[in-house]
Amino acid sequence: MDFDIAVIGSGPGGYVAAIRAAQLGKSVAIIEQAEIGGICLNWGCIPTKALLRSAHIYHEMQSAGAYGIQITGSVTPDFKAIMARSREVSATMSKGVQYLLNKHKITIITGHGAIRSPHDVIVRFENGETQTITATHIIIATGARPKALPGIPIDGEKVVSYRQALALEKQPESMIVIGSGAIGVELANFYHTLGTRVTVIEYLPNLVPTEDEEISKYLERCFRKARLPFMTGTAVKSVDVSEEKCRVTVETAKGEQTLEAEIVLSAAGVIANLENIGLETVGIETQKGKIVTDEYYRTNVAGIYAIGDVIATPALAHVASAEAICCVEAIAGLAPAPINYAHIPSCIYTSPEIASVGMTEKEAVSKGYETRIGKFPYTASGKATAMGNKDGFIKLIFNKEDDSLLGAHFIGTNVTEMIMEAGISLKMKAKSMDIIHTIHPHPTLSEAVMEAAAAAYGESVHIQ
């Protein structure tokens, strides 16, 4: 079978690449050995949001009295039903992607793809048979999988990855979460809200350590308020699964101690899926477990490209999709602008939510910028007060020299839906006065962005 483009992997990088290529008139094959939609749709972004929505509704019902709503009888979560809904949501989205691929007349091949030459992919099917796909261009979009910590293997039963945590048959009574990145804190938040006794362990000094330090510290205060225990600056030495409960030995500043839990969730990041896809066969260059590419995602082997979690860019679904479009348009000769990775938004769907784009305050200072900081608390927001969700604040970082926005860091209700005002401002090189003089609707949470920009000048509109 001959194609213009063969894509290995159908996640948010792979399926977007395939669809964009078809839109540009290319004949396309997509090779996927598991579910269409990849990890994001099936075992990542989408199912976690479905679970968190269930947890949020449960929490709101528990708090209904504060809103003048009296609920007769007890409110209890049905863990199996919550999990089943999450799987249904994922299945629906996966079917939607499959529909789009079919609509664009993309050939879907179910099997394991491995590159045999710069223009050939051999596909091995479940029954052991093989088929060779020939393509002018090959795009590697095989994604990533959970990374096991040294000496702490993931057995899928007592020590689990996010994948198993999204499909447990029963709710654990207790859980230790190793790692406080997006995956760790989101699943910790979900299980804690449903009543599991959760403890989060983080090696670095703060939770969500890649976020602005003020955001991290605020989330820590929210976790304390919610009575969700966490330990920062703590190293996991070992996990003993020989007893009924897991025994986790950790090293803290005060010495060694042992914790117990029914289950351990290893959420210490991901590792790229580079094995057994033919990289060595054709001599594709890798570095530190990632494929090396140029700004248009070309590898060192002509005709072969790589996008998404297999390259050294942020491991985010929307980044993979953007790379897919840029890569395919370059293949088609459209000369797209390279992606500016300084403008990539990041979202964490804890309670409260976290969203950021651009530099942290520490990064800006380290790069020599003299900054002007503006902050606005949700406690002063009329909409947040009416909603009963006053935890959070908006922080904007401006370059004092030319008034340009350098970074934005939000924590609070719905901030993941608000961050793109800052994202567009960065892309358009907006000044603080551009934000201040843009009329924001009242009452909205988004007014807090305008207020934070005004606060950078020691002023405030104070629209309540």
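The values are calculated or read from the model by the stated rules, or taken from the named source; none is laboratory data. As the structure is a computational prediction, the values presented were derived from the model and not from experiment. A quick note on method: Cβ atoms are made from the backbone with ideal geometry, for glycine too, and the neighbour counts reach across all protein chains shown. We work out accessible area using only protein heavy atoms, side chains counted, and drop any ligands, DNA or RNA first. Shrake-Rupley method; radii C 1.70, N 1.55, O 1.52, S 1.80 Å.
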Go through region 55-68 residue by residue and turn each phi into a ³J(HN,Hα) via Karplus (6.51, -1.76, 1.60, θ = phi - 60°); whole Hz please, and just put x for glycine and proline. 5, 5, 4, 4, 5, 4, 5, 5, 9, 4, x, 5, 10, x
How large is the Kirkwood hydrodynamic radius of region 343-464, counting all unique pairs of alpha carbons, in Å? 14.0
Percent antiparallel among DSSP beta bridges (both partners in the chain, rounded to 5): 65
Taking a ≥ b ≥ c as the square roots of the Cα gyration tensor eigenvalues, with a/c under 1.5 meaning rounded and otherwise prolate when a/b beats b/c or oblate if not, region 276-430 comes out prolate
Placing +1 at every Lys and Arg Cβ and -1 at every Asp and Glu Cβ, with all other atoms neutral, what dipole size does region 343-458 have around its Cα centre, in debye to the nearest 20? 80
Suppose accessible area is computed on protein heavy atoms with a 1.4 Å probe; arrange 207, 52, 334 from highest to lowest. 334, 52, 207
Assigning unit charges at the beta carbon (Lys, Arg +1; Asp, Glu -1) and nothing else, what dipole magnitude in debye, to the nearest 20, does region 38-183 show about its Cα centre? 340
Averaging the inverse of every distinct alpha carbon separation and then flipping it gives the Kirkwood radius. What is it for region 49-125, in angstrom units? 16.7
Whole-Å distance linking the alpha carbon centroid of region 350-367 with that of region 386-464 is 13
What does the helix-only formula give at 222 nm for the chain: each DSSP H stretch with n ≥ 4 adding -39500 (n - 2.57), the total divided by the residues, and the result rounded to the nearest 500 deg cm²/dmol? -9500 deg cm²/dmol
Counting other C-beta atoms within 10 Å, and keeping those with at most 15, which DSSP coil GluC sites (Glu not before Pro) do you find in region 160-234? 169, 173
Could you look at the chain and say what percent of its accessible area is carbon and sulfur, using a 1.4 Å probe and all protein chains? 52
Counting pairs of alpha carbon atoms under 8 Å apart in space and at least six apart in sequence, what relative contact order in percent does the chain give? 14
How large is the charge dipole for the chain, taken about the Cα centre, if only the Cβ atoms of Lys, Arg (+1) and Asp, Glu (-1) carry charge, to the nearest 20 debye? 560
Please report, in Å, the Rg and the Dmax of region 255-295, where both are computed over Cα atoms only. 17.9, 50
Among 384, 365, 223, which residue has its Cα positioned farthest towards the positive end of the charge dipole of the chain, with +1 placed on the Cβ of Lys and Arg, -1 on the Cβ of Asp and Glu, and the dipole taken about the Cα centre? 384
From the backbone phi of region 218-235, what are the Karplus-calculated ³J(HN,Hα) couplings (6.51 cos²θ - 1.76 cosθ + 1.60, θ = phi - 60°) in whole Hz, Gly and Pro given as x? 5, 4, 4, 5, 5, 5, 5, 4, 7, 6, 9, x, 8, 10, 9, x, 10, 9
Volume per residue (Å³) of the convex hull spanned by the alpha carbons of region 40-188 is 196
Anything over 25 Å Cα to Cα? Flag those among 147/237; 290/431; 49/290; 49/383; 225/431; 49/427, in the order listed. 290/431; 49/290; 225/431; 49/427
Zone residues, region 78-109, relative to residue 281, backbone N less than 14 Å from point 7 Å out along Cα-to-Cβ: none
Accessible area in square angstrom per residue, the chain, 1.4 angstrom probe: 47
